[in-house]
Amino acid sequence: MSVPVAPEEIAGVRLFTLRVHRDSRGTFVEQWREDRRSDVGLPAFVQDNAAFSRRGVLRGLHYQHPRGQGKLISAPFGEIFDVFVDLRRGSATFGRWAASTISGDNGLQIYLPPGIAHGYVALSDVVLVTYKCTEYYDPACDRGLSWADVDIGVDWPIAAPEISPRDQVAPALRDIPAQHLPDGV
């Protein structure tokens with residue numbers, strides 16, 4: 001079982017804290033401005049995705065190869081325990097995981113470069129997760145990594161998460177063929 005690393009220790013991972021404006025009516029957050037993309041060193045995005053989940057739903061760990069996707073992840077409503085694993089062969093953090101709690105309240109947003117498997121578990125009754133992708137979804141490149149891989153040892157905060165049939169049968173890292181893993185950074 002590996003010990004988690006800090007998110008910033010995985011090459012290319014970027015954390016952002018968005019300004020959350022609160023008043024008696026609720027909140028307002030500016031999630032994205034294209035004119036600031038180059039200022040913070042992010043690539044162009046081509047697809048936006050959104051997923052609603054209820055408490056205890058675990059999605060992942062997913063990645064795309066060979067047409068890898070970078071992802072900018074937010075949880076504008078609710079809260080998730082967001083997990084990512086470096087799958088880039090030759091990377092100093094290959095096979096290591098990191099996590100962060102992302103919520104509408106904390107305004108945290110995270111960028112994961114291609115080659116990183118991503119998953120999360122919903123911690124609130126309902127959560128909306130949004131993510132911008134640097135590459136289009138391609139079913140032929142869709143890959144998964146077991147959320148319960150004992151060698152990786154993610155310390156999920158939910159004892160019995162609800163998991164899709166697809167995610168239940170995802171392979172451990174040691175069982176993923178080398179040609180299904182990206183090269184290092």
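When VAL83 is tested against the conditions (1) more than 30 Å from ALA160 (Cβ to Cβ); (2) among the β-branched types (Val, Ile, Thr); (3) modelled with pLDDT of 95 or more, the lone failure is (1). Contact annotation: no residue pair with Cβ atoms under 8 Å, 6 or more positions apart or on different chains, pairs a residue in segment 37-54 that is under 23 Å from ARG67 (Cβ atoms) with a partner that is assigned to a helix (DSSP H, G or I). Among the conditions (1) crowded, with 22+ Cβ neighbours inside 10 Å; (2) closer than 24 Å to ASP149 by Cα; (3) not hydrophobic (A, V, I, L, M, F, W, C), GLN109 misses just one, which is (2). Condition test on PHE94, is it surrounded by 22 or more Cβ atoms within 10 Å (Cβ to Cβ) and aromatic (Phe, Trp, Tyr)? Against the criterion (surrounded by 22 or more Cβ atoms within 10 Å (Cβ to Cβ) and aromatic (Phe, Trp, Tyr)), PHE94 does not qualify.
The values are calculated or read from the model by the stated rules, or taken from the named source; none is laboratory data. Owing to the predicted nature of the structure, the values given are computational and were not obtained by experimental measurement. Backbone-built Cβ (ideal geometry, glycine too); neighbour counts: all protein chains shown.
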